[in-house]
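Shown next, in structure tokens, is the structure this report addresses.
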Amino acid sequence: MTDDLTRLDTLSRETIDAPESGGSALPLAADEGLDRHTRVDLLKQERAIAAKYQNGPMWGYVVAAVGGFAIWLALFPLTMFGAVHPAITLVVSTFLTVAGYVTCHEAMHDNIAKRGSKYRWANQLVGEVSLLPIAVPFSMGRVSHLEHHKHCNHPEKDPDYTDEAPNWWMAWYKTWWNRQPRVDGTINRYKSVCQQLDTRESRLALKQTMIVQVIYLTVLFTMAWNGYAIAAVVCWWLPRQLGLSYIRYFLSWAPHHPRAGKTERYEQANIFKSHVGHFFSMCMETHLIHHLHPGIPNHKTKAAYLEMKPILEKRGVDCSAI
Amino acid sequence: MARWARHPTQVPAMLLHIFAAGNRGLLPDSVVKTMITIMQVALQKLFSIMPLLFGIGFIAPVIAQVMTMWGWDAPFGMQRIVFGLLIGALWGLYATIKGRWI
């Protein structure tokens, strides 16, 4: 933490340097009259609070990721040989599929262990195992998610923009529609973004995506033709479909809707009240905090939000929901 | 071992390039690169008809096994797997042509 403005990140600098009368940059009335000095002061306060919630032990995520993956894997033989009822497998596997994205999300932002840390392997491990239930490699998840942060709510550059829908039931429908073979959504959009980026990481992500998808389909086909089709459905295929829809809805649509034109720092995500609660909405009620400070672990965003709330209100953020 | 496969995080990529890792200088790098490209093109072609393959490889046996589980017979005296293949292949073909399942 520092008072030196030269160390502020680019987004913060844009916020400070924004024209004071620029209503489009910060949408609500509360911020329109803020002068440069006030904006700098608020940003310092915000960063001081954020610093308190960053870091801290992250082993819980490692245990959850590895343990969850082990249980998910164990469900295959347990279901195939009748030790676990297919309905139980479906519920548990779907839960683990969704939970896997949460743990992987931390790894995408290097929150498990930073680069250069002696525990860096744990960050990689969490990322690699957590996304396998949705049959997407960590490399693809990370590249596309970081692009989402970089170009949040930009119609062409944000890989998640295709999740936008006018209302909640259309949003659920869109999660399914975007997975159709030749629709430009989710994984198809991620692939085209990677092709456009054409970096070492994006090329690796494309290769690994192809491999993971081949493995996924090979497992499904092999199980199905050997008499375990129903086990394949409840262990992997259906939890993946349900999990992806749940993830897209709560992680992409709900916190970002409406997306159009909301590209500035304090309007990239919303503070909203979820009908299924903070835990079952994957802590997305306070997703704005994640976009402001991705280094704050998912489980601490609500506490950080509550402390930052007066500052965010001065910034013009609608904090009425929580 | 090929340069890209030295880091453990690149293990999945190593699977695609497994013969390159096992090559150990037996083949020139240019030959290995060409073989990798051919494999990638072949996989891309395979993915373009994936809905059809999914219909045959997954939907067909799922239909047959669900019918067995619930004690349903296939129409016209067909075997359940033949019925499953008929539905799966036609549905997969439709998805391949239209680019969507419904």
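The values are calculated or read from the model by the stated rules, or taken from the named source; none is laboratory data. Note that this is a predicted model, so its numbers are computed, not measured. Heads up, the Cβs are rebuilt from the backbone with ideal geometry, glycines too, and the neighbour counts pull from every protein chain shown.
If you take the residues of segment A:39-70 that are surrounded by 14 or more Cβ atoms within 10 Å (Cβ to Cβ) and of a type in the set (Val, Ile, Thr), which of them is nearest to the chain's Cα centre (by Cα)? Once the filter is applied, the top-ranked residue is A:Val62. Has segment B:8-19 got any residue that is modelled with pLDDT of 80 or more, loosely packed, with under 12 Cβ neighbours inside 10 Å and either in a helix (DSSP H, G or I) or away from every other protein chain (no Cβ under 12 Å) (or both)? Within segment B:8-19, none of the residues are modelled with pLDDT of 80 or more, loosely packed, with under 12 Cβ neighbours inside 10 Å and either in a helix (DSSP H, G or I) or away from every other protein chain (no Cβ under 12 Å) (or both). Checking each residue in segment A:145-203 for being part of a loop (DSSP other than H, G, I, E, B) and among the hydrophobic types (A, V, I, L, M, F, W, C) picks out A:Cys152, A:Ala165, A:Val183. Residues considered: A:Tyr119, A:Tyr53, A:Tyr61. Of these, the only one that is hydroxyl-bearing (Ser, Thr, Tyr) and without any contact (Cβ under 8 Å) to a residue 60 or more places away in the chain is A:Tyr119.
State yes or no: is A:Tyr266 among the hydroxyl-bearing types (Ser, Thr, Tyr), in contact (Cβ under 8 Å) with a residue 24 or more places away in the chain and within 14 Å of chain B (Cβ to nearest Cβ)?
Here the answer is no, as A:Tyr266 does not meet what is asked.
Return yes or no: is A:Ala99 closer than 17 Å to A:Val63 by Cβ and either at pLDDT below 95 or more than 16 Å from the chain's Cα centre (by Cα) (or both)? Judged against the criteria, A:Ala99 is not a match. Selection of segment B:57-80 for residues being buried (at least 18 other Cβ atoms within 10 Å of the Cβ) and facing chain A (nearest Cβ under 10 Å) yields B:Gly57, B:Phe58, B:Ile59, B:Ala60, B:Pro61, B:Val62, B:Ile63, B:Ala64, B:Gln65.
The set of residues in segment A:228-245 that are small (Gly, Ala, Ser) and more than 7 Å from chain B (Cβ to nearest Cβ) comprises A:Ala231, A:Ala232, A:Gly243, A:Ser245. Does any residue of segment A:201-219 turn out to be more than 14 Å from chain B (Cβ to nearest Cβ), touching a residue at least 12 places away in the same chain (Cβ under 8 Å) and under 30 Å from A:Phe81 (Cβ atoms)? No. Scanning segment A:231-273 for residues that are within 30 Å of A:Leu73 (Cβ to Cβ), more than 15 Å from the chain's Cα centre (by Cα) and of a type in the set (Gly, Ala, Ser) returns A:Ala231, A:Ala232.
Of all residues in segment A:115-129, none are of a type in the set (A, V, I, L, M) and either part of a loop (DSSP other than H, G, I, E, B) or surrounded by fewer than 16 Cβ atoms within 10 Å (Cβ to Cβ) (or both).
Cβ separations smaller than 6 Å between residues 6+ apart or across chains give the following pairs from segment B:37-49 residues that are in contact (Cβ under 8 Å) with a residue 12 or more places away in the chain to residues that are surrounded by 10 or more Cβ atoms within 10 Å (Cβ to Cβ) and part of a helix (DSSP H, G or I): B:Ile49/B:Thr96.
Among the residues of segment A:156-186, those identified as within 14 Å of chain B (Cβ to nearest Cβ) and without any contact (Cβ under 8 Å) to a residue 12 or more places away in the chain are A:Tyr173, A:Trp177, A:Gln180, A:Pro181, A:Arg182, A:Val183.
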